[in-house]
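Structure record follows, encoded as structure tokens.
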Amino acid sequence: MPDPASDDGEKARLQEVISLCRRRVDRAREKLCAAQVEQADADASLLAAEQRLARWIEANPDPQRSIFEELTNV
């Protein structure tokens, strides 16, 4: 017959493992949330930079392109 004291020890060890696993899950969830916020910020920064570049290109057309356009109208 199993020793009840050893069963209690095993139960306590398993409860400790479960507690550690729960803390690990909580830490991982916090890291994931932080990473998702960082990704959203990075996406917004990228989009803003791409939009600024597009506006700059529109405001500052390539002078060589306009030269070629003038030659085709001759």
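Here are some notes:
- Single match in Asp26, Asp7 (criterion: assigned to a helix (DSSP H, G or I) and either at pLDDT below 95 or open to solvent by 90 Å² or more (accessible area, probe 1.4 Å) (or both)): Asp7
- Which numbered condition Gln64 fails, given (1) modelled with pLDDT under 95; (2) surrounded by 10 or more Cβ atoms within 10 Å (Cβ to Cβ); (3) of a type in the set (S, T, N, Q): (2)
The values are calculated or read from the model by the stated rules, or taken from the named source; none is laboratory data. A quick note: this is a predicted structure, and the numbers were derived from the prediction, not measured. Positions of Cβ are backbone-derived with ideal geometry, glycine not excepted, and every protein chain shown enters the neighbour counts. Note: areas computed on protein heavy atoms with side chains; ligands, DNA, RNA excluded. Shrake-Rupley method; radii C 1.70, N 1.55, O 1.52, S 1.80 Å.
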